1. Are any residues in region 69-89 part of a strand (DSSP E or B), at pLDDT below 90 and out of contact with any Asp or Glu (no Cβ under 7 Å at 6 or more places or on another chain), and if so, which ones?
2. Would you tally the residues in region 1-28 being closer than 24 Å to A172 by Cα and without any contact (Cβ under 8 Å) to a residue 24 or more places away in the chain?
3. Could you say which residue among L119, L100 is touching a helix residue (DSSP H, G or I) at 6+ places or on another chain (Cβ under 9 Å), in a loop (DSSP other than H, G, I, E, B) and touching a residue at least 60 places away in the same chain (Cβ under 8 Å)?
4. Kindly check whether there is at least one residue in region 44-57 that is touching a residue at least 24 places away in the same chain (Cβ under 8 Å), of a type in the set (S, T, Y), in contact with a His (Cβ under 9 Å, 6 or more places away or on another chain) and within 20 Å of L109 (Cα to Cα).
5. Give the residue, chosen from I112, I65, that is in contact with a Ser or Thr (Cβ under 6 Å, 6 or more places away or on another chain), without any contact (Cβ under 8 Å) to a residue 40 or more places away in the chain and crowded, with 21+ Cβ neighbours inside 10 Å.
6. For S133, which of the numbered conditions (1) touching a helix residue (DSSP H, G or I) at 6+ places or on another chain (Cβ under 7 Å); (2) in contact (Cβ under 8 Å) with a residue 60 or more places away in the chain fails to hold?
7. Filter region 136-182 down to residues that are part of a helix (DSSP H, G or I) and touching a residue at least 40 places away in the same chain (Cβ under 8 Å) and give me whichever is surrounded by the fewest Cβ atoms within 10 Å (Cβ to Cβ).
8. Applying the selection to region 190-215, what residues are surrounded by 15 or more Cβ atoms within 10 Å (Cβ to Cβ), in contact with an Asp or Glu (Cβ under 8 Å, 6 or more places away or on another chain) and outside any loop (DSSP other than H, G, I, E, B)?
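The values are calculated or read from the model by the stated rules, or taken from the named source; none is laboratory data. Here the structure is a predicted model, which is why all the values come from computation and not from measurement. Neighbour counts run over all protein chains shown; Cβ positions are idealised from the backbone, glycine included.
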Amino acid sequence: MRIGVYGNLTLDELDQNDKLVVRPGGSALYSSLAAAYFGARVSIYSMIGSDYPRNILSSLKNRGIDVSGVNKLQGLTTRFKISYLADSRRLELINPGQKLKPSSTGDSLHAIHLGPVFLEIGLDTLHYARYHSKFLSLDVQGLLRTEGPKGIVRLARKRIDQFLSKCNLVKATEDEARVIAPAATIVSAARRLLHKGPQYVIITRGRSGSLLVEK
């Protein structure tokens with residue numbers, strides 16, 4: 001099975017024992033690793049800066065992941081600072097990175113996953129992905145994020161119905177689902193999301209597991 005994954009690879013700054021640790025991140029990274037682990041032939045389409053470590057790309061290649069669609073541009077990679085306080089997480093935007101453009105995938109793919117992290121995927125990439133894949137999935141996080149005071153990333157309700165209507169599967173956290181489709185219960189929110197177009201909705205609930213709803 002051939003799978004294409006769109007979304008910017010990130011560098012995440014974490015404070016661990018009063019030391020700053022920088023680690024690779026992003027939906028595109030984790031989705032690609034998971035798909036490759038289960039035997040898919042994966043290609044990543046992403047924008048990175050000159051600061052992105054070469055050894056990470058080499059590691060992806062060694063796992064059989066095609067990174068020829070990862071474009072290195074002048075400037076910095078998408079970067080976040082992540083802080084954990086008790087059971088809460090604070091996300092701070094350090095650098096938004098570059099916008100993605102549709103990249104030629106050659107033949108149509110069995111599936112494409114859209115994993116934006118901060119507004120880098122637009123309607124042009126959505127339409128291209130829909131046309132060139134039999135199954136299209138979306139992680140909504142990067143479509144809902146907005147930068148608040150001091151770079152703090154917050155969720156905001158936005159018009160993303162065009163994305164939802166063209167995808168076969170939509171994945172959201174519980175908070176993201178309530179932003180897109182406010183409802184009394186998380187099951188009701190999931191069903192409201194189904195009415196917007198996708199065949200399947202996955203809602204992740206942290207330590208409480210995940211919810212899968214289908215039409």
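1. Listed by number, the residues that qualify are Y84, L85, S88, R89.
2. 1
3. Of the residues listed, the single one that is touching a helix residue (DSSP H, G or I) at 6+ places or on another chain (Cβ under 9 Å), in a loop (DSSP other than H, G, I, E, B) and touching a residue at least 60 places away in the same chain (Cβ under 8 Å) is L100.
4. There is no residue in region 44-57 that is touching a residue at least 24 places away in the same chain (Cβ under 8 Å), of a type in the set (S, T, Y), in contact with a His (Cβ under 9 Å, 6 or more places away or on another chain) and within 20 Å of L109 (Cα to Cα).
5. Of I112, I65, the one residue that is in contact with a Ser or Thr (Cβ under 6 Å, 6 or more places away or on another chain), without any contact (Cβ under 8 Å) to a residue 40 or more places away in the chain and crowded, with 21+ Cβ neighbours inside 10 Å is I65.
6. (1)
7. K150
8. Of everything in region 190-215, those that are surrounded by 15 or more Cβ atoms within 10 Å (Cβ to Cβ), in contact with an Asp or Glu (Cβ under 8 Å, 6 or more places away or on another chain) and outside any loop (DSSP other than H, G, I, E, B) turn out to be L194, Y200, V201, I203, T204.
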